[in-house]
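A quick write-up on the structure given underneath.
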Amino acid sequence: MKLGCCTNMIGTPPDSLGAQYIPLLPLCGYDYIELSVADLMRLDDQGFAFLQNTLQQNGVCCIRCNNFLPAGLKITGPQANPQQLDVYLSAAFARMKRLGVQMVGLGSPGARNVPEGFSHQQAQKQLLQAVQMMEQYARQNGMLLLLEPLNHTECNIMQTIGQALHLMQAAGSDNIKLVVDYYHFRMQNETLATLRSAKDQVYHLHFGMPPQRTYPAERLEEYRAFLDVFGERLDTLCMSVEAFSQSPAEDIARFVKVFAPYQSAKNL
């Protein structure tokens, strides 16, 4: 299992990407960085070129991306605009391709949350249409699209692994898989049995420690049980820490130490 860091969760304005932590990642043993697409798209051409150069100089690759859509780009409800989404996707995938991204996850609760009073049945249709549009761009650019179930405290649509699987199947493409976040998994009270039933469709993992979505402070048996579900597939997966921190430099270093023993299925 490769370990990565979603630096946008610890980034602060004007560095919302958390690019200041890029040099620290290889020193601490990380295999890659997971960057926020929404924040990537806020960079002008000069800023994006500077980011690319920073990654290259530090030997850090970006094989995963998170935070796909900005909150203002609605994909459900009366403000959903497929034409606007199409324009965004064209530019976003162009930038991700330049970075060498292999998989992008659709979390983005702000964009997908169903407005109060709006038909959830209609919202499900809108979400499916948006996912199918994203999948087309992902396939054309040699990437996988990953659906992420988000817990009920953050999102009111596609909250469970089962619902994400249903949407994946409705979209009808083997280029769509799942990303499971330990934080959402626990907050939604999902079971290991449910995770086990979907394990072959899970292609990426996120980690945050509930209930405050923090970095882990120590190694716990529950982490081993979660990862053990994947068996030998664990060796082909990546897991990014996606969590908040009051002491980012210390937590970034500690995360690798906590999970290093679990990087191989043989050690579980």
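With r as the distance between the Cβ atoms of GLN57 and GLU154 and R0 = 41 Å, compute the FRET efficiency 1/(1 + (r/R0)^6) and round to 0.05.
Numbers: r = 35 Å, r/R0 = 0.86.
Here the calculated transfer efficiency is 0.70.
How much length is gained on full extension from ARG196 to ALA49, taking 0.36 nm per residue of separation minus their Cα-Cα distance? Can you show the working numbers first?
Details: separation 147, 0.36 × 147 = 52.92 nm, distance 4.14 nm.
Roughly 48.8 nm would be gained on extension.
Placing +1 on each Lys and Arg Cβ and -1 on each Asp and Glu Cβ, with no other charges, gives the stretch 20-90 a dipole about its Cα centre of roughly 140 debye.
Give the carbon-plus-sulfur fraction of the accessible surface of the chain in %, rounded to a whole number; probe 1.4 Å, heavy atoms of protein chains only. Don't skip to the end; give the middle numbers.
On the way: 5680 of 11770 Å².
For the chain, the apolar C and S fraction of the accessible surface comes to 48 percent.
When the Cα positions of GLY77, VAL241, LEU128 are compared along the charge dipole of the chain, LEU128 comes out farthest toward the positive end, with charges on each C-beta of Lys, Arg, Asp and Glu.
Given the Cα-Cα distance of ASP228 and ASP15 and 0.36 nm per residue of separation, how much length would full extension add, in nm?
Numbers: separation 213, 0.36 × 213 = 76.68 nm, distance 3.60 nm.
Length difference between fully extended and current span is 73.1 nm.
Scanning residues 5 or more positions from SER36 or on other chains, those with amide H under 5 Å from its amide H are ASN8, ASN66, with H placed 1.01 Å from N in the peptide plane.
Where the centroid of each part is defined by its Cα atoms, how far is the stretch 130-144 from the stretch 83-114 in Å? That distance is 9 Å.
Above 24 Å lies some portion of the pair distances; for the stretch 3-132, what is it as a whole percent of all C-alpha pairs? Numbers along the way, then the final one.
On the way: 2726 of 8385 pairs.
More than 24 Å apart: 33 percent of the Cα pairs in the stretch 3-132.
Bridging of LYS266 to aspartates and glutamates at a Cα separation below 12 Å is possible for ASP228, GLU232, ASP235, once same-chain residues fewer than 8 apart are set aside. A crude spin-label estimate for the pair ASN141 and ALA260, with each label 7 Å from Cα along the Cβ direction, gives 3.5 nm. Under a model in which nothing but the beta-carbon of Lys, Arg (+1) and Asp, Glu (-1) is charged, the stretch 84-215 shows a dipole of about 280 debye around its Cα centre. Each residue of the stretch 233-250 was assigned a 3J(HN,Hα) from its phi angle through the Karplus expression (A = 6.51, B = -1.76, C = 1.60, θ = phi - 60°), giving 5, 4, 5, 9, 8, 10, 10, 10, 7, 10, 8, 8, 7, 8, 9, x, 4, 5 Hz with x at Gly and Pro.
Computed about the Cα centre, the dipole magnitude for the chain is approximately 320 debye when only Lys and Arg (+1) and Asp and Glu (-1) carry charge, each at its Cβ. Annotation: per residue accessible area for the chain equals 44 Å², rounded to a whole number [probe 1.4 Å, protein chains only]. When Cα extents along the principal axes in Å is computed from the coordinates, the matching label among (1) 76, 49, 31; (2) 48, 46, 32; (3) 56, 46, 34 is (2). Taking 25 °C and 0.890 mPa s as conditions, the stretch 111-217 diffuses translationally at an estimated 169 µm²/s according to Stokes-Einstein applied to its Kirkwood radius (Cα pairs).
Residues of the stretch 49-86 with the amide nitrogen closer than 18 Å to a label point 7 Å from the Cα of GLN129, along Cα-to-Cβ, please. Within reach of a label on GLN129: 73-86.
The values are calculated or read from the model by the stated rules, or taken from the named source; none is laboratory data. Keep in mind it's a predicted model, so treat the numbers as computed, not measured. FYI the Cβ positions are ideal-geometry reconstructions off the backbone, even for glycines, and counts take in every protein chain you see. Areas reflect the complete protein model, heavy atoms only, side chains present, ligands, DNA and RNA absent. Shrake-Rupley method; radii C 1.70, N 1.55, O 1.52, S 1.80 Å.
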